Amino acid sequence: MKKLFILILTVLIIISASSCTGEKTENKISGNTAFSETQAVTKSAKSAVYGIDISSFNGIIDWKKVKNDNISFAMIRIGGRGYGDEGSIYTDKTALLNLESSSNQNIDTGVYFFSQATSVKEAVLEADHIKKTLNGRSLKLPVAYDVERIKGDKSRIDNVKYKDSVKYAKVFLNKIKSYGYEPMVYIGEDSILKAEDFKEYKIWFANYGKAYDSGYEILQYSKKGKVDGITADVDLDVIYN
């Protein structure tokens, strides 16, 4: 009888431990890789790889932990232009560290630039700044152009006509291509640009909680992801192959 009691108790302990482990894994996946919970996979997609996009706002990142959390690629902010009247170009203070550290973990990388260009000259200067900052570094993923409205504040691009915004973007993209990098346009909820005006370029598209039904190169599907190695919420992305 005593042996039977011990056997039953052992089985219950094992079941309990398994349940706890399963719950932890499920929560982990729902914060990162369970894309199907909120998005529909295209019928033509053979496979999906998951990634993140980050900037200095994400702090110092433990890229080894990121890699072990099913992250295969990263879009890293390389810099931007201030949205005030002066509009100075800056380099993201963690850009080079993130590029080096992520590459050391065999994570494919691309970069993006937060533009506030108000002229062709400024668009060229932004592309030139990226070339100078990369200093010959090769990238597995594109260089993305990101121009957005500034919520709750005035911006130096508020009075730029849409057709001019498109022109500046294409000047930037073509310049990036001439430097040997793949150009890309970011289209998000606050973006100035529209995807239909950039059909000749790769698109990085933000679409939260809706079905993925188009041929975008990268889909940003969450702004509140949880990834090991990053303390705060992080943007989550996916590429379909």
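When only alpha carbons are used to place a centre, region 55-98 and region 138-193 end up 17 Å from one another. Based on Cα contacts under 8 Å between residues 6+ apart, region 52-170 shows a relative contact order of 27 percent. For residue 196, the accessible area of its heavy atoms, probed at 1.4 Å with every protein chain present, is near 110 square angstrom.
Restriction of the trypsin sites (Lys or Arg not before Pro) in region 164-199 to DSSP coil positions whose beta-carbon has at most 11 other beta-carbons within 10 angstrom yields 199. For the pair residue 88 and residue 100, the difference between a 0.36 nm per residue extended length and the Cα-Cα distance amounts to 1.8 nm.
Of the residues 189, 86, ranked by 1.4 Å probe accessible area with the largest first, the sequence reads 86, 189. When 190, 153, 53 are compared by accessible surface with a 1.4 Å probe, the order from highest to lowest is 153, 190, 53.
Relative to the Cα centre, the charge distribution of region 83-168, modelled as +1 at Lys and Arg Cβ and -1 at Asp and Glu Cβ, gives a dipole magnitude of about 200 debye. Among the listed pairs 67/170; 121/226; 67/132; 132/223; 132/163; 64/170, those with a Cα-Cα distance over 32 Å are 67/170; 121/226; 64/170. Its residue count N sets the reference 2.2 N^0.38 Å, and the alpha-carbon radius of gyration of region 105-204 equals 1.06 times that reference. The heavy atoms of residue 52 offer some 0 square angstrom of accessible surface to a 1.4 angstrom probe. When 154, 226 are compared by accessible area at a 1.4 angstrom probe, the order from most to least is 154, 226.
The values are calculated or read from the model by the stated rules, or taken from the named source; none is laboratory data. Remember, it's a predicted structure, so these values are computed and weren't measured experimentally. No Cβ is skipped: glycine too gets one built from the backbone with ideal geometry, and neighbour counts run over all protein chains shown. All accessible areas refer to the heavy atoms of the entire protein, side chains included, with ligands and DNA or RNA removed. Shrake-Rupley method; radii C 1.70, N 1.55, O 1.52, S 1.80 Å.
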